[in-house]
Every structure is written in structure tokens, then in C-alpha cells.
Amino acid sequence: MTATLDRPVAPDAMAPARYRIGRTRQDTRDTFTIELEPVDGPMLRYRAGQFTMLDAFGVGEVPISISGDPTRPGPLEHTIRDVGAVTHALIAAPRGAVLGVRGPFGTSWDVADGMGGDVVLVAGGIGLAPLRPALLEIVRHRDRYNRVVLLYGARTPEDILFGDELRSWAHDHGIVVEVTVDNGQHAWRGKVGLVTNLVPRAGFDPHSTLALVCGPEVMMRSAAQALVARGVPGDRVRLSLERSMKCGVGLCGHCQLRDLFVCVDGPVLGYDRLAPLLSVREL
Amino acid sequence: MTDGPRIIGRDQLARLVEVLTARGYAVVAPTVRAGAVVLDEVVGADDLPWGVGDVQDAGTYRLRERDDEAVFGQAAAVRAVKPVLFPADELIWRGHRSGTDFAVTDREGSPQRPVAFLGVRDCDLRALARHDEVLAGRAFADTRYQRRRAGTFLAAVTCAEPGGTCFCTSMGGGPHPENGYDLALTELLDPHRFVVEVGSDTGADVLAELDSEPAGAQDLAAVHDVVAHATESMGRSMDTEGLRDLLYASAESPVWDEVGNRCLTCMNCTMVCPTCFCTTVEDVSALGSADAERRRVWDSCFSEEFAHIHGGSLRTEVRSRYRQWITHKLAAWQDQFGSLGCVGCGRCITWCPVGIDITAEAAKLRAAAPLTVGGAR
């Protein structure tokens, strides 16, 4: 018999733990942040960039990045866009309702690798949510980083997430926050255009920079190209990939990108590894 | 008892089924169901396909009457080990809702008897080793597979008559079971008997309950002849030299357009493939019931839904899905698990309704590839 079969049977990673909704905060028209407290056991510990599988009983399960502060105790936070049956059930569940949580799964931003240098974060749309734990980790140890730049693109001014925090990160923590929108009607006085266009003129030293990028794949690809064009090494540019995920633990096969199981090898992956894969259509 | 190969008579096959049943196993062996040989539960040796042969080619499967009484005289059965140890539909957990709360009430489903397989070929033994690695050899395991697998008994057989779609010898295997079995039988005719090799202590214990005698030099020479003949009888072959680099370098090959135009995305290949392991989950709840189930069901990279994220599928074109499947089997699997994801059983060729042939597609990619890629040309 093969040696693998002598291993003890591992705990079942497919069964959810119960978490109770403490508060659901509406961030924008279609995006909500839910705060969860464990019902059965201790609060899970996670690293910035990791995700969980969130379960609405009888409806289904979806992968959602954790958007909370990994450095402080407090409720488990997920910021969720209302785009499907499961996400709708999650954001519509009342205070006190119980959800299922599996995880945390996947790789981290490992933002500490940027200590002693500059950190550039490029976010598109809901992509700011998975970057928030990294920003909070930086804010917690702000003196260990040099220049920190957040470039954030939203569709419209009404779609801007975490507005109060963006101001606080800029005013209280010395983070350069540049926000741009695709559609800047109404009273918008800020920038209009693609967030990737902000990369060439942003103030950072490419050779000492760690760049963290999260958003739609086409936006991440051009942001990564712009960062590399500025001189940031490919292995210092990290992207968080979105793929179909049914298990979160490398068993279901859905998230495969050539040799990668994005749920365990990712979601955070170096651009040096991703560049040849993302350049092939429908790989 | 000595460790050397032994001989059992034809009548001892019935005894073997009895012994395994008495030891508490459900015995799963080749049997004819709906016009095809499948591995399924049998109650006695009469259920086995005595005198049944098969004809397999691209898009073709027919049973035929043999002119002898051979019981294992077929190539790969439609389904063998995979659907038993890794069911197509399985409960992960069941829960009960009360108000806005819920509790998981069941994570096991109904208890099952351990399974003794009789008549497993080397291709399926090697596919099983792949599943052991994928499903039970990494950081996270499929715990249901792991439990079921740990209690499994395997009586393998030498594949005496490979079919028209077989190419196991190209993929590192061969007609004779090499390891991973409890017992290995080689069927010999004139007189009808079986040479039995022991692969484990449990196998030795089971064999001790049968009437056997040491195999003689003539018996062993006959086994050698059967294996040599079968090795020469592979209907297909595949050049595996540099396959990984060949597939990766062929990501934009025109071959994908051509095969994409023929493929019906019916998913037959992934269903019959003994190594394919992709699954999805389904939530099942009856209207008006407070209970719901999460089930794990087989899925296929040939469905458009497979790579669906918010905004649409990442693989809308058939060419992209065929590329994903064959690239995973022949290339990415090597990076992920250090082995080929194809064992050369030929089922995907036989059961493809339009006869798409993985060996032919790999050869086309090689012919279309730049000269610098893929080793031997």
C-alpha cells in the first residue's frame, strides 16, 4: 500500500463552523461588510490576504476574502458585493443569524516583506476589500515602512469603499491615497480615469517597493505591467486572483490555472509566476 | 506458506468471492451490465463475465462472445475503482435549520462495508495511486475517500488482452500488476487456472483460505508469455518525451481550434477517466423542509460553468476546455504531483462519441510544435 494511506485521517475541511452575525454595515449601494463572532469555538486566526468559504444555509457557499484587521482581536469581517444568490443571502441575513465559515484558506500578502521599503497598493473596485487587512497591518506598524501609496479606482464616487478610513489613512498615518473613478459626474472633483494610469507618476522607489494589486484581472494585468515598467521586480508585484472555488483546499479542481491550485497556491501570487499564464487567453 | 506464486483452479474463484464476503467485504468485480463490462458488486463467481470479450476502438465499444471460457478476457471496464472509492455523488454534510440558526447533524452518511475489488488492471491500480496522492496525500484530504480507501482489498489481474484504445505501456505501466495490490491473478487456459502472486499480509491470509499449490516453472513461463503477448498488443501509443514542455509551448496551437470543433463537451471522457477528480458541490433542500444537504458531485472541466466567476466563464470556448483537460493530464499534473495524470487505459478514446483520441491529439501537437520543443521528433 502507498505511504500516503498510513497518514491519520485529517479533520474534515469541508464542514463549516458556525458564526453569528453581529452587525452588517452597508458600505455602498451594493456592498456590505458583515461582522461575525464564533458560536462553537475560538475565533479563527488569519493572515492578510486569506479568504474563507462563507455559507448561507441551504443556499450555498462562496469564497470571500477577509477584510478585517488581522493584528487586533475583534469580529471577523468580510466585505461582500451583492452579485448572486449566495452573496445576497449573506448580506440579507439579519443580526443574530448564523452563517457557516470554513477556513481561512490560501496565501497571504505577506506585507511584512515590504518593511524597510516602500509599499504600493493598487485596488480596483471591490479589490480594496482584500487589501484592507494589509493596509491595517501597515498602519499598525507604520514606522517600519517608508512611503506607502494606495492607488484606488472605483466605478463612480458612490462606489468608493471605506471612505472614512481612506481619509484617516491619508491624514493620520501618512499614506498617500489617490482615488480615481471611471465615471465622475455629479460633484466629483477628484481624478477620472483608470487606476493603472496613476502608476507611472506615483511617488515610490521601484527598487525598494513591494506592490500589492487586487481588482478585475484585466486591471491587475495592466497595473502589474505598469509597475514592472517602472522597475519593480516581477517577484515583488503580488496579485490576488479570482477563480471559481468550490472547496478552498485544492480538492475540487475548479480554480486550476495550469499547474496552480489558486485556492492553496494563491490567491496571492507573484507576477513573475503569473505573467506567462495571464497572457494566454482563457487559460 | 511460501511467498512464491501459487496456482489455484478455476473453481477457486468462487471460493475467493466467498472468502472475501465472509471477511466482511462487499466484493466488486467485472460483470456485465447494460451491454458493457463494469466493476460492480457481485454475490458469486457466476456473476463474472465468463467467456465475454470486448471490442474497443475510438468511439466504439461492443461485447463479443469469446471462443474460450476466459473470465478476465476484456480490456478496461467502463467503470472500475473510481466510482466505488470516489462516488459520483456523496453527502458532505447534512444540517438542520431552526430560525436563523442551523446545526450540522450528519457528516458521514450511511456506513458502508469495506470493498474488495477483484479483477483490477494495472492501469486502474496506477490510477488509484494517483488518487491516493491527489485526495489523501496532500495538506487537505478527502476524508471520506481516505477512510474508504484504507479498508480496501485489491485482487488485481494481469490484462491478457488489451483493447484497441489501450496504451498503458507508453505511460509507464504494463499488463502485469506491479504493486499496490493484495493479490495478483494471471489467468491461464488449457487447463483453466490462475497464477496468484501475493502483495500483502492480508493477501497471504486470503490465499491461505483457498486450495492452492506452488506454481511450477511451466506456469510461470505461461505468465511470461501472456504478459509478453499483451505488451505487444497495445492498440495505441503515446510519445511521452518532453510532453510537459510540449503542452506548455502549445498553448496557442491551431490544433485546439480543430479539436474544439469536433468536441461535443459531453464530458464522457472525464466521467470514465480513472484519474479525473474534479468535483463541485450541490446544496439540496426540499421545499418546506428545515433540512439541507451539501453534496459533493463529479464535475468536468468541459462544462462552461466549471470556470465560472462573477461576470462569466473564464473558458467560454470549447478549444480552451479541451486544452485545459489534456494540458492538465499530460503536463500540469507532472508539476503538481510528479507523475503523468494519464495511465493509458484508453477509456476517454473508447467512450468519446466522436472518437477524439488523446494519443492522436498529443501527436498532432508534437507535429505542429516548434522544433525546439518536446524532445524526439
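Read the figures in this text as sums done on the coordinates, not as results from a lab. Since the model is a prediction, treat every value here as computed from it, not as a measurement. Cβ placement follows ideal geometry from the backbone for every residue including glycine, while neighbour counts extend to all protein chains displayed.
Straight-line cross-link partners of B:Lys364 among the lysines, defined as a Cα under 25 Å from its Cα and at least 8 positions apart when in the same chain: B:Lys329.
Compute the Cα gyration tensor for the protein assembly as shown, then decide on rounded, prolate or oblate, letting a ≥ b ≥ c be the square roots of its eigenvalues: rounded whenever a/c is under 1.5, prolate when a/b is larger than b/c in the other cases, and oblate in all that remain. Intermediate values should be presented prior to the final figure.
Numbers: a/c = 2.60, a/b = 1.87, b/c = 1.39.
Verdict is prolate for the protein assembly as shown.
What residue among A:Ala223, A:Ala129, A:Ala202 has the largest mean-square fluctuation in a Gaussian network model of chain A, using Cα springs under 10 Å? Fluctuation is largest for A:Ala202.
Placing +1 on the Cβ of every Lys and Arg and -1 on the Cβ of every Asp and Glu, with nothing else charged, gives the protein assembly as shown a dipole about its Cα centre of roughly 2540 debye. Backbone amide hydrogens, once placed in the peptide plane, bring B:Trp93 within less than 5 Å of B:Arg294, excluding anything fewer than 5 places away on its chain. Counted by neighbouring Cβ atoms within 10 Å, the residues B:Glu252, B:Glu65 run from fewest to most as B:Glu65, B:Glu252.
Computed from Cα positions, the angle between helix A:217-230 and the longest principal axis of chain A comes to roughly 50 degrees.
Between the exposed loop cleavage positions of chain A, defined as trypsin sites (Lys or Arg not before Pro) in a non-H, G, I, E, B DSSP state with at most 15 neighbouring beta-carbon atoms within 10 angstrom, the longest gap is A:202-280. Calculated [222 nm] ellipticity per residue, helices only, for chain B: -8000 deg cm²/dmol; basis is -39500 (n - 2.57) per DSSP H run with n ≥ 4, divided by all residues, nearest 500. By other beta-carbon atoms within 10 Å, ranking A:Met219, A:Met245 with the fewest at the front produces A:Met219, A:Met245.
Is the C-alpha gyration tensor of segment A:111-240 telling us rounded, prolate or oblate? Criteria: a/c under 1.5 is rounded; beyond that, a/b larger than b/c is prolate, otherwise oblate. Each step should come with its number before you reach the end.
On the way: a/c = 1.76, a/b = 1.25, b/c = 1.41.
Note, shape of segment A:111-240 comes out oblate.
Between the Cα long axis of helix A:163-173 and the first principal axis of chain A there is an angle of about 60°, rounded to the nearest 10. In the Gaussian network model of chain B, springs joining C-alpha atoms below 10 Å, which of B:Lys329, B:Lys364, B:Lys82 carries the largest mean-square fluctuation? Greatest mean-square fluctuation among the candidates belongs to B:Lys364.
Please say if segment B:197-333 is rounded, prolate or oblate, where rounded means a/c under 1.5 for a ≥ b ≥ c the square roots of the C-alpha gyration tensor eigenvalues, and otherwise the choice is prolate for a/b larger than b/c and oblate otherwise? The shape class here is oblate.
Between B:Arg113 and A:Asp182, the distance separating the two model label sites (each 7 Å from Cα on the Cα→Cβ line) works out to 6.0 nm.
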